[in-house]
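A.B. asks: Questions regarding the structure given below will be posed in turn.
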Amino acid sequence: MTAKCYCGAWSVQQTAWTSANTGHRFLACPFRKCRFFNWIDPPLCDRARTIIPSLIRRMNRLEAKLKNAQQTQTITSTVLDESTIVGENTAMDESILVDEIKKKGVVAKP
């Protein structure tokens with residue numbers, strides 16, 4: 001579905017991510033020159049308006065935790081690789097490993 005906006009350009013489909021209209025699609029001017037605006041979808045029910053933003057917040061928190069875990073894993077691997085390069089034949093003491101991770105700036109959160 002498309003339409004020309006007030007300035008004559010073809011409108012573009014966008015998705016609202018505000019709390020009141022999360023996931024609600026609309027048409028708008030691609031250049032934001034004119035004030036053309038038209039909803040595509042019918043309004044969301046009250047339950048969807050409540051649930052969708054909380055799901056998005058939850059997803060963002062989980063993605064942040066995953067990113068932190070991946071950074072911690074990368075740093076841990078780097079520290080272990082560096083200890084192997086130095087020629088240590090034994091595993092690093094856990095306290096030394098924790099100190100090295102803290103020096104690199106990543107602290108794993110439970």
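The values are calculated or read from the model by the stated rules, or taken from the named source; none is laboratory data. Just so you know, these numbers come straight off a predicted model, no measurement behind them. In this analysis, Cβ positions are derived from the backbone assuming ideal geometry, glycine residues included, and neighbour counts consider all displayed protein chains. Note: areas computed on protein heavy atoms with side chains; ligands, DNA, RNA excluded. Shrake-Rupley method; radii C 1.70, N 1.55, O 1.52, S 1.80 Å.
A.B. asks: Assuming Glu88 fulfils every condition listed in (1) surrounded by 11 or more Cβ atoms within 10 Å (Cβ to Cβ); (2) assigned to a helix (DSSP H, G or I); (3) at pLDDT below 80; (4) among the charged types (D, E, K, R) apart from one, which condition is it?
C.D. replies: It fails just one condition, (2).
A.B. asks: Quick one: count up the residues across region 3-17 that are among the hydroxyl-bearing types (Ser, Thr, Tyr) and open to solvent by 50 Å² or more (accessible area, probe 1.4 Å).
C.D. replies: Summing the residues that are among the hydroxyl-bearing types (Ser, Thr, Tyr) and open to solvent by 50 Å² or more (accessible area, probe 1.4 Å) in region 3-17 gives 2.
A.B. asks: Shifting gears a bit: Can you find a residue in region 56-69 that is on the phi < 0 side of the Ramachandran plot and modelled with pLDDT under 85?
C.D. replies: no
A.B. asks: Moving on to the next point. Within region 33-46, is there a residue that is part of a helix (DSSP H, G or I) and out of contact with any Cys (no Cβ under 9 Å at 6 or more places or on another chain)?
C.D. replies: yes
A.B. asks: Which residues, counting only those in region 1-15, are of a type in the set (A, V, I, L, M), within 14 Å of Arg35 (Cα to Cα) and either in a loop (DSSP other than H, G, I, E, B) or at pLDDT below 90 (or both)?
C.D. replies: Hits for region 1-15 are Ala3, Ala9.
A.B. asks: If you check Ala20 against the conditions, is it open to solvent by less than 100 Å² (accessible area, probe 1.4 Å), touching a helix residue (DSSP H, G or I) at 6+ places or on another chain (Cβ under 7 Å), touching a residue at least 12 places away in the same chain (Cβ under 8 Å) and not basic (Lys, Arg)?
C.D. replies: When the stated conditions are applied, Ala20 passes them.
A.B. asks: Follow-up question, since we're still on this one. What number of residues within region 39-72 are surrounded by 12 or more Cβ atoms within 10 Å (Cβ to Cβ), more than 19 Å from the chain's Cα centre (by Cα) and of a type outside the set (A, V, I, L, M)?
C.D. replies: 4
A.B. asks: Could you check region 23-32 and list, in sequence order, the residues that are in a loop (DSSP other than H, G, I, E, B), open to solvent by less than 90 Å² (accessible area, probe 1.4 Å) and farther than 17 Å from Ala48 by Cα?
C.D. replies: Listed by number, the residues that qualify are Cys29, Pro30.
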